[in-house]
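Student: After the structure tokens below, expect a handful of questions from me.
The values are calculated or read from the model by the stated rules, or taken from the named source; none is laboratory data. Computed from a prediction, not measured in an experiment: that's the story for all the values here. Cβ atoms come from the backbone with ideal geometry, glycine included; neighbour counts cover every protein chain shown. Heavy atoms of the whole protein, side chains included, go into the accessibility calculation; ligands, DNA and RNA do not. Shrake-Rupley method; radii C 1.70, N 1.55, O 1.52, S 1.80 Å.
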Amino acid sequence: MTEPGALPAARRGEAAGSISAAVWQLDLLTGELTWSEGMHRIAGSDPATTTPSMQWWTSLVVPADRARVRAWLLVVREARRGGEEQFDLVGADGVHRRVHAWTEVELDARGEAARLYGSAVDITAAAPLGQRDPLTDLATRPALLAHLERDAREAERQRRRGGTVLALVDVDRFSVLDDALGRTVGDRVLVACADRLRTAAPRGSVVARLDGDVFAVAVSATPVAGGAAGEPAVLAAPPDAGALAEQLGAALRRPLVVPGVPDPLALTASIGLVTTGGDEVGADDVVRRAGLALRRAKRDGGDRAAHHSPALEEAAARRVRTEAMLRSALDAGRMQVLYQPVVDLASGEVVGVEALARVLDPEQGPLSPLVFIEVAEETGLVTRMDEWVLGRASGLAQRWRPPASGAPTAIALPETGAVAVAGPRHDLPTVAVNMSSRTLSRPDLAVLVRGALQTSGSDPARLLVEITEHSLLDQGEHARRTLDGLTDLGVGVGIDDFGTGWSALSYMSALELAFMKVDRAFVSRLGLDTSATAVVQAVIDLAHAHHLTVIAEGIETEQQARMLVEMGCDHGQGYWFGRPTPEADLDAVVSSWHERARAARFGAWAAAPAPVAAPPAALRAAPAPAPAPVAARTPVPSPSAPAAAPASARTLRQRALSLRP
């Protein structure tokens, strides 16, 4: 039997060349563990302050290997035979190491296991196997998790006040930089970011690269004075999370000169912060909470820090419930399409509707998109919703005709002047559907739309597709190809919520667009904010300069509608004309609008002429000239009506097609 504390003969040569070779032994009766100075080197511990134990030793093993190592030691003890293992650990000094260990068992006179002894060798240099991030030489995710778990145990043992601050640092828009400058430059940027974070982090911090362009910095409270005998050390106040975030963010903001790039790069970062407080389930939970805060920082626009809070936990739980509800609703068909009228502001006629998706919750009824659209976008479920709405909207476009308005139209008769007659109706109304950025990215979108039109038998000219200007920017050249495919089908395409970004102006002349919708945020401030009025007027003028029909959404008052008429806006949509409604109630909503328009003398109803006085008796005897043929009569606006060119559905399509070569 091998002498206690000695290395097996076959392995002495391996250990001899390593300064971190170590031996240990464990008395199974007393639980006392003794080990050599080399074990302290492997564990990264201070022999003067560390009392080793098997529990502490195995706690250094990274979570991915810990269960396997504990099972190995148990088998050695119960089976009374030696063995060997390789595993990763993170020492008390925060260094990630690869260890090869051997264990033997010593039996007593009765054949029972009395003592375990063995050896360990640091083989990190010979077989790194991912112990350090190969690109940046920072610690890896397993190293960070092991550090957090060990720190939590030490805090509990010492009854430490405060805790560890963990900062997750995500370089903003790194993927854009990586795509534009190439992988080689992107890697150089990551290495530079790692160096800056390592320098900026407080002494004793653990700096890690978790994934891609996401880094982590963990800072723990440290002892500043020794306590009385038997008492825990006096510890500094918990690290200031806000100050840490500012320090890390400032380090990354400094202009970065990268070989191969002519100009310095300006980087920003989003930072998620969490301070441990003793209620965490484990290291994974700490990282998860920091990740929630990081997501909030990025959602708020980036280049900022966000702290974890219970509200973020609630929002995350709500997101999970919403996703489950969405999937269930799509699978079970608990969906509904509501339609909101779109009105020609010059005539007051309903020229179309917009199809709006709603999810039917068994308890709450129809849910607003504000509840589910963000989750639908993140999960990709929005593409299923868009496809479902497209099928219903195409069917409505084929079969729906709005009820007659009875609106008068003023025409000129040579012998009587302007009189009111039953005026001509607009062309068949359009149905508009919203397409998300994810749906717009589908290479088969034109095929999908063509299939929906063929199934419903609808005229493509009656279908409109609305996309946001942000979608144009996100999709780039792909968006242009997709829109070309839709216009080739005869479908009108327009920009929704225009004015929120202004970045799509350069697309106006390049894309075959039919209409533009002014964002409700500006419309709602008409008459209250002169800057909003100026923005709306500028958007209207810009759209008309590009031969586009302008639709103002979010009109809730008569004052807003009349201001838009004076500004030359073509179409309007909002609660003042009618709320979103199911198809079965759509005709009633349109008829209700007709009654309100008549009472408000809006659009064509404002053109109704005053009664014409009877002519003198001498003139009554004179024969009246033969009336001109009705076909030759042309509408003329009433002096009291706003002078605006009619903007019918046909006009909208003609404008779109006129842009095509």
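Student: Got a number for residues in the stretch 361-396 being in a loop (DSSP other than H, G, I, E, B) and open to solvent by 40 Å² or more (accessible area, probe 1.4 Å)?
Tutor: Applying the first criterion (in a loop (DSSP other than H, G, I, E, B)) to the stretch 361-396 yields 362-364, 368, 380.
From what is left, the residues that are open to solvent by 40 Å² or more (accessible area, probe 1.4 Å) are 362-364, 368.
The qualifying residues number 4.
Student: If you don't mind, there's one more thing I want to ask. Answer yes or no: is there a residue in the stretch 489-508 that is modelled with pLDDT of 85 or more, under 23 Å from Gly574 (Cβ atoms) and more than 26 Å from the chain's Cα centre (by Cα).
Tutor: The answer is yes; a qualifying residue exists.
Student: Output yes when any residue across the stretch 278-301 is surrounded by 14 or more Cβ atoms within 10 Å (Cβ to Cβ) and not in a helix (DSSP H, G or I), and no when none is.
Tutor: Yes, the stretch 278-301 contains a residue that is surrounded by 14 or more Cβ atoms within 10 Å (Cβ to Cβ) and not in a helix (DSSP H, G or I).
Student: Separate question: If I ask for residues that are farther than 14 Å from Thr439 by Cβ, in contact with a Phe, Trp or Tyr (Cβ under 9 Å, 6 or more places away or on another chain) and buried (at least 24 other Cβ atoms within 10 Å of the Cβ), which ones from the stretch 348-360 would you list?
Tutor: Within the stretch 348-360, Gly348, Val350, Val353, Val359 meet the criteria.
Student: Can you tell me which residue in the stretch 446-457 is farthest from the chain's Cα centre (by Cα), limited to those that are crowded, with 17+ Cβ neighbours inside 10 Å and more than 19 Å from Leu356 (Cα to Cα)?
Tutor: Here the answer is Arg450.
Student: On the given criteria, is Gly451 of a type in the set (Gly, Ala, Ser), outside any helix (DSSP H, G or I) and either at pLDDT 85 or above or within 30 Å of Arg399 (Cβ to Cβ) (or both)? Talk me through it step by step, then tell me what you get.
Tutor: On the way: of a type in the set (Gly, Ala, Ser): yes; outside any helix (DSSP H, G or I): no; either at pLDDT 85 or above or within 30 Å of Arg399 (Cβ to Cβ) (or both): yes.
So Gly451 does not fit the description; no.
Student: Right, something else. Which members of the stretch 350-396 meet the condition of being more than 23 Å from Arg295 (Cβ to Cβ) and without any contact (Cβ under 8 Å) to a residue 12 or more places away in the chain?
Tutor: The answer is Glu363, Gln364, Gly365.
Student: Which residue is farthest from Gly485 (Cα to Cα), if the candidates are limited to the stretch 516-538 and must be open to solvent by less than 10 Å² (accessible area, probe 1.4 Å) and out of contact with any Lys or Arg (no Cβ under 8 Å at 6 or more places or on another chain)?
Tutor: So in the stretch 516-538, the residues open to solvent by less than 10 Å² (accessible area, probe 1.4 Å) come out as 516-518, 523, 526, 532, 536.
Checking which are out of contact with any Lys or Arg (no Cβ under 8 Å at 6 or more places or on another chain) leaves us with 516-518, 523, 526, 536.
Numbers: Met516: 19, Lys517: 21, Val518: 25, Val523: 32, Leu526: 37, Val536: 30 Å.
So the residue we want is Leu526.
Student: Further question: Would you point out which residue out of Val343, Val337 is at pLDDT 90 or above, crowded, with 24+ Cβ neighbours inside 10 Å, in a strand (DSSP E or B) and hydrophobic (A, V, I, L, M, F, W, C)? Outline the logic, then answer.
Tutor: On the way: Val337 fails: crowded, with 24+ Cβ neighbours inside 10 Å.
After ruling out the rest, the residue left standing is Val343.
Rundown of residues vs (1) among the acidic types (Asp, Glu); (2) modelled with pLDDT of 80 or more, yes/no style:
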residue	(1), (2)
Pro128	no, no
Asp137	yes, yes
Arg141	no, yes
Arg150	no, no
Glu154	yes, no
Arg157	no, no
Arg161	no, no
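Conditions tested, residue by residue: (1) farther than 17 Å from Ala152 by Cα; (2) within 42 Å of the chain's Cα centre (by Cα); (3) open to solvent by less than 50 Å² (accessible area, probe 1.4 Å); (4) free of Cβ contacts under 8 Å to residues at least 24 places away in the same chain.
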{"site": "Met39", "(1), (2), (3), (4)": "yes, no, yes, no"}
{"site": "Met54", "(1), (2), (3), (4)": "yes, no, yes, no"}
{"site": "Ser59", "(1), (2), (3), (4)": "no, yes, yes, no"}
{"site": "Arg77", "(1), (2), (3), (4)": "yes, no, no, no"}
{"site": "Gly83", "(1), (2), (3), (4)": "yes, no, yes, yes"}
{"site": "Leu89", "(1), (2), (3), (4)": "no, yes, yes, no"}
{"site": "Gly94", "(1), (2), (3), (4)": "no, yes, yes, no"}
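Student: Would you confirm whether any residue within the stretch 208-220 is under 20 Å from Thr276 (Cα atoms), open to solvent by 20 Å² or more (accessible area, probe 1.4 Å), touching a residue at least 24 places away in the same chain (Cβ under 8 Å) and among the small types (Gly, Ala, Ser)?
Tutor: yes
Student: How many residues are within 26 Å of the chain's Cα centre (by Cα) and open to solvent by 90 Å² or more (accessible area, probe 1.4 Å) when one looks only at the stretch 251-267? Lay out the reasoning, then the answer.
Tutor: Going through the stretch 251-267, the residues within 26 Å of the chain's Cα centre (by Cα) turn out to be 252-253, 265-267.
Okay, now just the ones that are also open to solvent by 90 Å² or more (accessible area, probe 1.4 Å), so 253, 266.
Total satisfying the criteria: 2.
Student: The conditions are (1) at pLDDT 80 or above; (2) open to solvent by 10 Å² or more (accessible area, probe 1.4 Å); (3) in contact with a strand residue (DSSP E or B) (Cβ under 9 Å, 6 or more places away or on another chain), and Val169 fails exactly one of them. Which is it?
Tutor: (2)
Student: Moving on. Output the helices (runs of 4 or more DSSP H) that fall wholly within the stretch 528-622 and possess 2 or more residues being modelled with pLDDT of 90 or more, or say none. Reasoning before the result, please.
Tutor: On the way: elements: 530-545, 558-566, 586-600, 617-621.
In the stretch 528-622, 530-545, 558-566, 586-600 are the helices (runs of 4 or more DSSP H) which contain 2 or more residues that are modelled with pLDDT of 90 or more.
Student: Of a type in the set (Val, Ile, Thr), at pLDDT 85 or above and either in contact with a Ser or Thr (Cβ under 9 Å, 6 or more places away or on another chain) or farther than 23 Å from Ala293 by Cβ (or both) - does that describe any residue in the stretch 216-237? Even if it seems obvious, please write down each step before you answer.
Tutor: Kept after step one, since they are of a type in the set (Val, Ile, Thr), are these residues of the stretch 216-237: 217, 219, 222, 224, 234.
So of that shortlist, the ones also at pLDDT 85 or above come out as 217, 219.
Then keep just the ones that are either in contact with a Ser or Thr (Cβ under 9 Å, 6 or more places away or on another chain) or farther than 23 Å from Ala293 by Cβ (or both); that gives 217, 219.
Yes, that holds for at least one residue.
Student: Would you confirm whether any residue within the stretch 565-583 is among the acidic types (Asp, Glu) and buried (at least 22 other Cβ atoms within 10 Å of the Cβ)?
Tutor: Just the residues of the stretch 565-583 that are among the acidic types (Asp, Glu), to begin with: 566, 570, 583.
Checking which are buried (at least 22 other Cβ atoms within 10 Å of the Cβ) leaves us with 570.
Looking through the stretch 565-583, at least one residue is among the acidic types (Asp, Glu) and buried (at least 22 other Cβ atoms within 10 Å of the Cβ).
Student: I'd like to verify a number: residues in the stretch 302-313 that are surrounded by fewer than 14 Cβ atoms within 10 Å (Cβ to Cβ) and either at pLDDT 90 or above or aliphatic (A, V, I, L, M) (or both), how many?
Tutor: Of the residues in the stretch 302-313, the ones surrounded by fewer than 14 Cβ atoms within 10 Å (Cβ to Cβ) are 310-311, 313.
From the residues that got through so far, the ones that are either at pLDDT 90 or above or aliphatic (A, V, I, L, M) (or both) too are 311.
Total satisfying the criteria: 1.
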